[in-house]
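What follows is a single structure, written as structure tokens, with notes after it.
Nothing in this text is a laboratory measurement; each read-out follows from the coordinates by a stated rule. All values derive from a computational prediction rather than experimental measurement. Cβ: placed from backbone, ideal geometry, glycine included. Neighbour counts: every protein chain shown.
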Amino acid sequence: MAEAGYLTTAERPLDPALFPDLAADDLEPGALVSTPTAVGYESGTTVTSDYTARDSRFTGKINWVQLDLGKDDYDHFIDPGERLRIALSQQ
């Protein structure tokens, strides 16, 4: 996209004033694109105004995280035959 003069969000440097707690390396374009989600740290807008990103850092240790999203009937999976059919139809 650079030849078109357009930068995607991931290609733009972050403004340190908006992200004062990020390390300098994390402000570089694309630095956080494949970074795992931080647990116990608000790097953006907080979910409530009861605290700020600056004063809400978790300093304990997390041993286990379990996400229960309800029963899954797996109807969103594409079986291998259907995946092949889709791939061949797009050629």
Open item on the list: Please arrange Ser89, Ser56 by how many other C-beta atoms lie within 10 Å of their C-beta, fewest to most.
Closed with: Ser89, Ser56
Task: R0 of 22 Å, Cβ-Cβ distance Glu28-Ser49: FRET efficiency to nearest 0.05 - done: 0.15
